[in-house]
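Colleague: Can you keep this structure in mind? I'll have questions shortly.
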Amino acid sequence: MVNFLVTFFGGFLGIHRFMQKKYVTGFIWLFTCGLFGVGWFVDICIAFFQMVKGRENEGEKKADTGQANLSGARQAIQPQERQKGQQEAGQATQRGQQEAGQATERGQQEARRAVQAAQRIQAGQSQPSGQTGEGEKKGFWAEVKEKAIKNRQEAAIRAAYKKEEEKRKPKIKKIRHTREFTPEERQTLDMLNMEIIKMESDYKNKRITDNSGVLRLLFQKKAIESRAEWYETIELPPEVDPDTPIYVDEEAIRNSITELF
């Protein structure tokens, strides 16, 4: 009956063939709508005849075996089945006892952990971060957090040591020195100044239209002046005595970084 109903209502999708584990033809029925309806109609007819034939066979079997079933129902349980039931009951009892023992042991462990936690609180000891209890492993994010804190602490400590070392290095400074001009250099500079003034005056009075020569004269003047100056590089003494040991408060750095998380 069920096969006939499934074939009648869902046969064009091949559902009845999937139920019968005929997957190849089931996919063919699914993509071709029951083989374009022909295969669907044939399967409906086959399912109908199977349903009628099955009902007739069931009627005959009921008529032949009806009396036997009535007499068999009144018989006592066979010894083998009775023994099997006793074994299963014994196994179930044993499993129940084992589970009860495990539950009792887990309860005792939880009670011990609660007592230890209460003792820590009374003693003013906080439970370390990343651990949920005694003997338990830290979680993934707790380990990542602790690793990040540790890396930042180490980086901050290295930076503090580097900063202290930089204070011990001598500072570099340039000192500018000059000398007096020679008579020839002074005469040349005076001539260049006079030419610059004359050229600017001519350009202002529009006697000349190009004032680019002034730049050339200024470059010549700068070249002569640069001969009379030089720079000396010296090292200034450091602010801190190099022999003094470096001191960095690593504990304070760790505490300040830990508070950021």
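Colleague: Specify which residue in the list T178, L215, L189 is farthest towards the positive end of the charge dipole of segment 170-236, using unit charges on the beta carbon of Lys, Arg (+1) and Asp, Glu (-1), about the Cα centre.
Modeller: Positive-end residue among those listed: L215.
Colleague: Something else: Under the Karplus relation 6.51 cos²θ - 1.76 cosθ + 1.60, θ = phi - 60°, what is the ordered set of whole-Hz ³J(HN,Hα) values for segment 148-163, x standing for Gly and Pro?
Modeller: Couplings: 5, 4, 4, 4, 5, 5, 5, 5, 5, 5, 4, 5, 5, 5, 5, 5 Hz.
Colleague: Give the residues of segment 232-255 whose amide nitrogen is closer than 16 Å to a point set 7 Å from the Cα of I157 in the direction of its Cβ.
Modeller: 246-255
Colleague: Right, here's the next one. Testing the spin-label approximation: label points 7 Å from Cα along Cα→Cβ at V144 and V24. State their distance in nm.
Modeller: 5.0
Colleague: Hey, rough spin-label estimate for K174 and F8, points 7 angstrom out along Cα→Cβ, what's it come to in nanometres?
Modeller: 10.5
Readers should treat all values here as calculations from the given coordinates under stated rules, not as data from a laboratory. Predicted model, so just to flag it, every value in this text is computed and none were measured. Because the Cβ atoms are built from the backbone with ideal geometry, glycine has one as well, and the counts that use them run over all protein chains shown.
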